[in-house]
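Before any comments, here is the structure.
Just so it is clear, none of the values below were taken in a lab; they were calculated from the coordinates. Predicted, not measured: the structure shown is a model, and the values here were computed from it. Every residue, glycine among them, receives a Cβ derived from its backbone with ideal geometry; neighbour counts consider all protein chains shown.
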Amino acid sequence: MVPANIVAPAPRRLARLLPIVLALLGACDHAQGTVLWHAYNGAERDALASSAARWNAEHPDQPLELVAVPYGAFADKLTSAIPGGNGPDLFIYPQDRIGDWADSGVIEPIEFWVDDARADRFTDEAVAAMAYKGSLWGLPIAVKSLALYYRTDLAPKPPRTTDEMIALAPSMKARNGYAVAYANVDLYGHAPWLFGYGGRILDDAGGLAIATPEAAAAMAFARELVATGVAPDHAEGPLVATLFNEGKAATVMSGPWFQSDIAANVPWKVATLPTVSATGKPAAPFLGAEGILMSARAHDKTTAFAVMDALTSDVAAIERAKLARQVVPNVHAYDDPEIAADPTLRAFRDQLAHTVAMPKGAAMRMVWTPYKTALGEVVAGRAEPGPQLIAVEREVASYLVGGGK
């Protein structure tokens, strides 16, 4: 019964209002969904879509919408959209911007929802990659690092030490080739030697620790590899692939993406990187981790976390490993018989135990270019490691003092 002070709408007026009411109800229903931005393509996109479809089938009242965003514009779009409430609820991105986004209030800490059972789902290294200033900011969905590809016709067994790797050089020189090829004038490619010699980029307090004797020794080692013909000079991705495919490189240091560059007739396998003979330490590449992060402006954070939890579950991880060949951080995904039987995925999984999480925040972003310039000068024999590293540290420090401008 309508209260006396309320005038009930006439039937004709109600008929006119009904489409408007239904539209508003539809908008409310849409608002209950969760929007996730990603930059995946190909098999990775398809695997993510499969996991999203499973969520939507199980939660029709809380739909998940995937929005593909070009990677080149991704970070800037997030940084500008989220503070205004126009961005996604969730997004997938590497960990290197977590520090900036956490400090500026763009992303939401999630440790409130993460119990021990959820944390134990992942490797310790992958969880650490999502942490910053004592909080957890994302759940890892994929991990990437370098490992050692080797041609089984040129190196029947993978070299376990750098001395064994160098011992491949004489036979490879006879073929006008090299024992190892890698992106040796790029910090990402050089990182296994840097960390294998005990060098660092940042200290435990987050301060710059670039110019150290250990880092200088690593640079000198990289130069020696080129000077003695063990590795090619100034190698980049296309050259590395060509050398491997043509039988001019017995081994290659690269990541999971390198598989698509290997020619069909090349016999190859993957192993963990060798131990640095001079130090006894394993060569340790950067650990790159992609995580699902939550916007600080997510409209329903509890549901958003439930989506994060589902998309990083063991079931979803196994799906991505099989469909997209992703190296997943879920420990028990490797108990799956098909994944356990895959030697390439297993090798990359084993490599995770000897990786260094890529530092987060502005300091690391400032390091790449000056370090590459210095490394190129040293590898080419035009400069000495010590002075070059001091110059790099001073340059990066000046950028940080100037606010990165």
Completion exercise
Neighbours of K301 by Cβ distance under 15 Å: Lys/Arg at +1, Asp/Glu at -1, summed charge -4
Exercise for the section: Take each complete run of DSSP H in the chain, measure how far its Cα atoms stretch along the helix's own axis, and keep only those covering 27 Å or more with mean Kyte-Doolittle hydropathy at least -1.0; list them. Expected result: 11-31
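If the chain were replaced by its equivalent ellipsoid, with semi-axes equal to the square roots of 5 times the Cα gyration tensor eigenvalues, what would those be, largest first, whole Å?
Values: eigenvalues 455, 124, 60 Å².
The three semi-axes for the chain are 48, 25, 17 Å.
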Fill in the blank from the handout: When Y371, Y40, Y399 are ranked with the fewest other C-beta atoms within 10 Å first, the list becomes Y399, Y40, Y371
Completion exercise
Under 5 Å from the placed amide H of N184, counting only residues 5+ away or on other chains, we find A235
Exercise for the section: Please get the size of the charge dipole for region 179-325, origin at its Cα centre, with Cβ charges of +1 on Lys and Arg and -1 on Asp and Glu, quoted in debye to the nearest 20. Expected result: 200 debye
Handout entry: Over the chain: helical MRE at 222 nm, DSSP H runs n ≥ 4 each giving -39500 (n - 2.57), nearest 500
Key = -13000 deg cm²/dmol
Problem - Where Cα atoms sit under 23 Å apart: lysine pairs in region 125-271 separated by 8 or more or lying on different chains - result: 8
Problem - Fewest-first sequence of M364, M172 by Cβ atoms within 10 Å of each Cβ - result: M364, M172
Practice task
Among L146, I98, S135, pick out the residue whose Cα is farthest towards the positive end of the charge dipole of region 73-165, where Lys and Arg carry +1 and Asp and Glu carry -1 on C-beta, about the Cα centre.
Solution key: L146
Handout entry: Cα centroid of region 212-240 to Cα centroid of region 65-123, whole Å
Key = 36 Å
Problem - Calculated FRET value between L202 and N265, using beta carbons and R₀ = 45 Å, to 0.05 - result: 0.55
Problem - For the chain, built as a Gaussian network whose Cα springs stay under 10 Å, the top-fluctuating residue of L287, L311, L78 - result: L78
Fill in the blank from the handout: With +1 at each Lys and Arg Cβ and -1 at each Asp and Glu Cβ, the charge dipole magnitude of the chain around its Cα centre, to the nearest 20 debye, comes out at 760 debye
Handout entry: Label-to-label distance, nm, for residues given as T79 and A278 (7 Å Cα→Cβ offset)
Key = 3.7 nm
Practice task
Report the residue, chosen from P60, P370, P359, that carries the largest GNM mean-square fluctuation when the chain is represented by alpha-carbon nodes joined by springs under 10 Å.
Solution key: P60
Exercise for the section: Count the net charge of all other residues whose Cβ sits under 15 Å from the Cβ of P70, scoring Lys and Arg as +1 and Asp and Glu as -1. Expected result: 0
